[in-house]
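The values are calculated or read from the model by the stated rules, or taken from the named source; none is laboratory data. The structure displayed is predicted, hence computed values, not measured ones. In this analysis, Cβ positions are derived from the backbone assuming ideal geometry, glycine residues included, and neighbour counts consider all displayed protein chains.
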Ligand SMILES: NC(=O)c1ccc[n+]([C@@H]2O[C@H](COP(=O)([O-])OP(=O)(O)OC[C@H]3O[C@@H](n4cnc5c(N)ncnc54)[C@H](OP(=O)(O)O)[C@@H]3O)[C@@H](O)[C@H]2O)c1
């Protein structure tokens, strides 16, 4: 189908907030967009395109992928949109990708070896149709590979110009500190740690966020909506096209138990008092700490995306609202 040529909204930088990523020179949008779900070739391409372009029109400059999202489909779809619609805006856009989970058969298509990471980055660049990505991540620590080797591969990616910055994902505080030290010794700073963080998953508060602050590394919080749990999606039942109903992602029906639904309803009341949606409350909550550089969201429609991006219009949570939320969560 022929698409109307895209011209970005002239006001695209009017309402997004940008936060410094650790002590680097890079500013990230407070809300960035990831293509883990809903970006495979069985999804409607026009919807994928509409979400990416609407996000960019609203100041989302950072799009997050990984080699294995949709088995490579997500990078191909993002790559097509970058090529056909966003080529002229490449210097206004950050594209991140990762390697670390199973991607191809055999001993060189998984985990954290130099062999895997650098081959995977070349494959990602082909799928994305790019000369370089902005951030290349080690997707998870590998207990079987020396950290020096995995970090050496990230440093090579940066030194070869195939990535501008190095990042780590799902690394706990101690390994983050070691990784950052190894990278620093190779002249490549560790830009960012991407880890799961939401009202329902607060492990980063137990040391990671403080460690990142101390080391001057940014924090990108993924799944701030707990895959849709922290939205109005499930408050009145399970919609047929939702992740729980379709089995996409890893949200399980058992997670929708009575205790969780009671909490969600109580949180929803706090959101209503702020004239916000529950999704907006969840995002504002994750962003209440300025050490959180960005929340990294997904969406299955432009309407959801718009709703999430409207979070910033309401202003930050008050201390009283944070206390009310704490009471619900405790
Ligand atoms: N580094 C890692 O290991 C890792 C792991 C996982 C994810 N990530 C990154 O994080 C990104 C986000 O992950 P995610 O999509 O699971 O996170 P999420 O933002 O917590 O969940 C997104 C889902 O929530 C629902 N939703 C979103 N906005 C909504 C709104 N305003 N109102 C109602 N429902 C709404 C939708 O569910 P439905 O689909 O049911 O409509 C949507 O697909 C990924 O794309 C990826 O880039 C990284």
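Can residue 312 be described as modelled with pLDDT of 95 or more, more than 12 Å from the ligand (Cβ to nearest atom), surrounded by 19 or more Cβ atoms within 10 Å (Cβ to Cβ) and outside any helix (DSSP H, G or I)?
Against the criterion (modelled with pLDDT of 95 or more, more than 12 Å from the ligand (Cβ to nearest atom), surrounded by 19 or more Cβ atoms within 10 Å (Cβ to Cβ) and outside any helix (DSSP H, G or I)), residue 312 does not qualify.
Can you find, within the range 212-230, the residue that is surrounded by the most Cβ atoms within 10 Å (Cβ to Cβ) among those that are near the ligand (Cβ under 8 Å from one of its atoms) and within 26 Å of residue 174 (Cα to Cα)?
224
Just one of 259, 266 is more than 13 Å from the ligand (Cβ to nearest atom), over 25 Å from residue 36 (Cβ atoms) and modelled with pLDDT of 95 or more; which is it?
266
Identify, from the list 72, 167, 112, 161, the residue that is out of contact with any strand residue (DSSP E or B) (no Cβ under 8 Å at 6 or more places or on another chain) and buried (at least 17 other Cβ atoms within 10 Å of the Cβ).
Answer to the check: 72.
Within the range 15-67, restricting attention to residues that are more than 16 Å from the ligand (Cβ to nearest atom) and without any contact (Cβ under 8 Å) to a residue 12 or more places away in the chain, which residue is farthest from residue 214 (Cα to Cα)?
27
Can you tell me which residue is surrounded by the most Cβ atoms within 10 Å (Cβ to Cβ) among those in the range 290-304 that are near the ligand (Cβ under 6 Å from one of its atoms) and farther than 20 Å from residue 23 by Cα?
297
Just to be sure before I move on: is residue 233 under 25 Å from the mean Cα position of the chain (by Cα) and either buried (at least 16 other Cβ atoms within 10 Å of the Cβ) or more than 7 Å from the ligand (Cβ to nearest atom) (or both) in the structure I sent?
Spelling it out, residue 233 is indeed under 25 Å from the mean Cα position of the chain (by Cα) and either buried (at least 16 other Cβ atoms within 10 Å of the Cβ) or more than 7 Å from the ligand (Cβ to nearest atom) (or both).
Restricting to the range 119-167, give me the number of residues that are more than 21 Å from the chain's Cα centre (by Cα) and within 28 Å of residue 84 (Cβ to Cβ).
Summing the residues that are more than 21 Å from the chain's Cα centre (by Cα) and within 28 Å of residue 84 (Cβ to Cβ) in the range 119-167 gives 6.
Among the numbered conditions (1) surrounded by 19 or more Cβ atoms within 10 Å (Cβ to Cβ); (2) near the ligand (Cβ under 9 Å from one of its atoms); (3) without any contact (Cβ under 8 Å) to a residue 60 or more places away in the chain, tell me where residue 193 comes up short.
(2)
Could you list, in sequence order, all residues of the range 113-140 that are touching a residue at least 40 places away in the same chain (Cβ under 8 Å) and assigned to a loop (DSSP other than H, G, I, E, B)?
Result: 113, 129, 130, 139, 140.
Can you pull out the residues in the range 236-256 that are in contact with a helix residue (DSSP H, G or I) (Cβ under 7 Å, 6 or more places away or on another chain), more than 9 Å from the ligand (Cβ to nearest atom) and assigned to a helix (DSSP H, G or I)?
Correct list: 253 only.
Within the range 186-204, can you find the residues that are in a helix (DSSP H, G or I) and within 24 Å of residue 27 (Cα to Cα)?
Correct list: 204 only.
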